[in-house]
Every structure is written in structure tokens, then in C-alpha cells.
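See structure below.
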Amino acid sequence: MKISDLQKDNEKLKRENEALKEKEKELQIQIDELTERLKLIVVTKTVFNKKDKQETKKQINDWVREIDKCISLLTNK
């Protein structure tokens, strides 16, 4: 009788263990997704930070001037 009870308890614990492992996998996937979202938020926040925004605008304006110079050189030929 004790062996039978212990075997039943063991099977129950095995099922619980499998359920917990599955839940752990689901939670790890959720953690990974949230981590990626956080990275995206940090990058977005950095890009739209006022100082970084001004630096980005400056860089874009520099590229536009460079492109304008190239177009001018090409059209003058």
C-alpha cells in the first residue's frame, strides 16, 4: 500500500514538474519578447532624445549638402 501511494505521488509530482517546465518555457519566451521591446524602446528614446535629435538633424543636413554638391558637379559636366 505504501509503495502504491508513493508511486501515485511520484506520478503526480512528475506531471506537476512537466507543467511547471512548460510554464517556465512560456515565461522565458515572454521575458525574451519583453527584453526585445525594451531594447527597441531604449533605442527609440535615444534617437528622439533632444540632443541626439539635433545631432541626427545635423548629420542629415550634412548629407543633403554633400548630395547637393554631387548633383551640382554632375550637372555642370
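The values are calculated or read from the model by the stated rules, or taken from the named source; none is laboratory data. Worth saying up front: this structure is predicted, and the values here are computed from it rather than measured. Every residue, glycine among them, receives a Cβ derived from its backbone with ideal geometry; neighbour counts consider all protein chains shown.
Only one of 55, 11 is surrounded by 10 or more Cβ atoms within 10 Å (Cβ to Cβ), of a type in the set (Asp, Glu) and at pLDDT 90 or above. Can you tell me which? Even if it seems obvious, please write down each step before you answer.
Numbers: 55 fails: at pLDDT 90 or above.
None of the other options fit; the residue is 11.
Examine region 39-48 for a residue that is modelled with pLDDT under 80 and among the aromatic types (Phe, Trp, Tyr), and state whether such a residue exists.
Yes, the conditions are met somewhere in region 39-48.
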